[in-house]
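The values are calculated or read from the model by the stated rules, or taken from the named source; none is laboratory data. Note that the structure is a prediction, hence the values are computed from the model and not measured. Quick reminder, even Gly has a Cβ in these numbers, built from the backbone with ideal geometry, and neighbours come from all protein chains shown.
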Amino acid sequence: MASPSALLSTPLPSLDTTSTRSAMNRLPRERRHVARRKSLVRRVHAEFEEMPGLSLTLAQATRLFGLPSSAVCARILGQLAEQGWLRLNHSGRYVRRTLDV
């Protein structure tokens, strides 16, 4: 085992911020903005709760919620569907899941 003085004299590895930023840029966007994603999920959920008859296509939901792309919207709607709050009906519209379904 190394002596305490030898451990203190060992240089610490440098933190290369460019490689850290580079690694962050390779992550999918939803992993970098977890709080923002949670906020969007709550907002979309609230809209469907406030308007039980709301029925939206992916394109309509993307525009209504002001999301940057349909891929982002699809992930959010998909998450709500997986959680049992929404369902995708036979005509390709996202609707609030009801207890009788």
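In the list L77, L86, L56, L64, which residue meets the criterion of being modelled with pLDDT of 95 or more and under 14 Å from R37 (Cα atoms)?
Details: L86 fails: under 14 Å from R37 (Cα atoms); L56 fails: under 14 Å from R37 (Cα atoms); L64 fails: under 14 Å from R37 (Cα atoms).
Just one listed residue meets the conditions, L77.
Within the range 76-96, which residues are surrounded by 15 or more Cβ atoms within 10 Å (Cβ to Cβ) and part of a loop (DSSP other than H, G, I, E, B)?
If the condition is that a residue be surrounded by 15 or more Cβ atoms within 10 Å (Cβ to Cβ) and part of a loop (DSSP other than H, G, I, E, B), then W85, R93 are the ones that fit.
Taking R37 and the conditions (1) loosely packed, with under 14 Cβ neighbours inside 10 Å; (2) in contact with an Asp or Glu (Cβ under 9 Å, 6 or more places away or on another chain); (3) at pLDDT below 95, which numbered condition does it fall short on, given that it satisfies the others?
Among (1) loosely packed, with under 14 Cβ neighbours inside 10 Å; (2) in contact with an Asp or Glu (Cβ under 9 Å, 6 or more places away or on another chain); (3) at pLDDT below 95, R37 violates only (1).
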